[in-house]
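Read the structure below first, then the notes.
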Amino acid sequence: MDHEHGGMGSMHLPELPPTVGRVMGLDLGAASPVAWLAVALAVGYGLGLWRLHRRGVRWSVGRTLAWFAGCASLFYVTASGLQTYGMAMFSLHMVQHMVLTMISPILLLMGAPVTLALRGLPASPGPAGMPRRLLLTGLHSRLGQAVASPLFTVPLFIASLYGVYFTPIFDDLMASTPGHTLMLVHFLMTGLLFFGPIIAVDPWPRRTGPGGRMLELLLPAPFHAFFGVTVMMSDTVLLASYANPPASWGIDPLFDQGSAGGIAWSFGEFPTVLVLAVVFFSWTRSEERANRAADRAHDRAVARGESGEDPELTAYNERLRRLAAQNP
């Protein structure tokens, strides 16, 4: 027998109280449509790998593992007890939110899906090449540049916390399956748009230097922490959807809300450090490549009998010599 939750429309909750096993186990019968989106993303990536393999093009194992790990995390949090019990427990919903916004997007972006698509899709001028042309058009469009701008991505990232949970929007979305699905997709897209230009593994409508990317990553951190502390310290239940969990569960909604705030407050540290490491190491690798290219250019100049010196540096040194000669 199931209990219907007052704020969930036709959705039903299990009578059995949550345990570690029930929360961590899969519940495919209650899976969100987002779970099947994860399956579709995994299949699409696999098809791209197959096309590259047929053409003899090698692809990074690390990128492949990252993508499938991202799909697995997306599937798991929307097809397990986190999805089922998260309908009436704010703490479990917050775990779901944090994974969808800060774990799944990072893993998916590390899989370089745009690069895979550009390499795998046909480049022919006919109808078969239309998907690739549309992708390139989107990457170079003004709309793409606007959506990739920090003036859009950072406020969107912050609004996915304050605008969703501190307004009636959350309870309205939780009232129906389509609304809840839309909210989960919003969390995922917010993370992809925010972390995409920062990780910058793929071609992106906007390119920023490593310093700017690090700054952009850290900008929402104080707002994220303040949100978590505010929820954690509140002495009233903030959301009607979590005000009345099934009595058989034995859940104190105010205590559970405090746990949700603690999860939101502490969850951002590991993803932030991970992305900072990605940006830093990509920066050092690009510097090493630039230095190797400069060394190769110098060696070629020497082999041709040229000085191999930087023309600007040579002109500067010559200017200093002339000044010294004029002022003995």
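Some points to look at:
- Among residues of the range 100-151 being within 16 Å of the chain's Cα centre (by Cα) and hydroxyl-bearing (Ser, Thr, Tyr), the one that is nearest to Arg58 (Cα to Cα) is Ser104.
- Single match in Gly144, Gly191, Gly138 (criterion: out of contact with any strand residue (DSSP E or B) (no Cβ under 8 Å at 6 or more places or on another chain), among the small types (Gly, Ala, Ser) and modelled with pLDDT of 95 or more): Gly191
- Residues that are over 15 Å from Tyr45 (Cβ atoms) and at pLDDT below 90, drawn from the range 101-130: Pro122, Ala123, Ser124, Pro125, Gly126, Pro127, Ala128, Gly129
- Between Thr78, Thr84, Thr177, the distinction of being within 27 Å of Ala247 (Cβ to Cβ), surrounded by 16 or more Cβ atoms within 10 Å (Cβ to Cβ), of a type outside the set (Phe, Trp, Tyr) and at pLDDT below 95 belongs to Thr84 only.
- Checked against (1) touching a Leu at 6+ places or on another chain (Cβ under 6 Å); (2) within 19 Å of Gly196 (Cα to Cα), Gly48 meets all criteria but (2).
- Hits in the range 28-58 (condition: part of a loop (DSSP other than H, G, I, E, B) and either surrounded by 18 or more Cβ atoms within 10 Å (Cβ to Cβ) or of a type in the set (A, V, I, L, M) (or both)): Ala31, Ser32, Val57
- Pair list, Cβ under 7 Å, 6 or more apart: the range 116-132 residue part of a helix (DSSP H, G or I), other residue among the β-branched types (Val, Ile, Thr) and surrounded by 11 or more Cβ atoms within 10 Å (Cβ to Cβ): Arg119/Val57
- Among residues of the range 260-299, those that are of a type outside the set (S, T, N, Q) and at pLDDT below 70, counted: 14
- Among (1) part of a helix (DSSP H, G or I); (2) within 24 Å of Ala79 (Cβ to Cβ), the one test that Pro197 misses: (2)
- Count - residues of the range 200-237 that are without any contact (Cβ under 8 Å) to a residue 24 or more places away in the chain and in a helix (DSSP H, G or I): 5
- Per-region count, the range 1-27, residues surrounded by 16 or more Cβ atoms within 10 Å (Cβ to Cβ) and either at pLDDT 50 or above or touching a helix residue (DSSP H, G or I) at 6+ places or on another chain (Cβ under 6 Å) (or both): 7
- Condition check for Ala88: aliphatic (A, V, I, L, M) and not in a helix (DSSP H, G or I): yes
- Residues located in the range 162-174, provided they are surrounded by fewer than 16 Cβ atoms within 10 Å (Cβ to Cβ), within 18 Å of Gly228 (Cα to Cα) and not hydrophobic (A, V, I, L, M, F, W, C): Tyr162, Gly163, Thr167
The values are calculated or read from the model by the stated rules, or taken from the named source; none is laboratory data. Given the structure is predicted, the values throughout are model-derived calculations rather than measurements. Don't worry about glycine lacking a Cβ; one is built from the backbone with ideal geometry, like all the others, and counts go over all protein chains shown.
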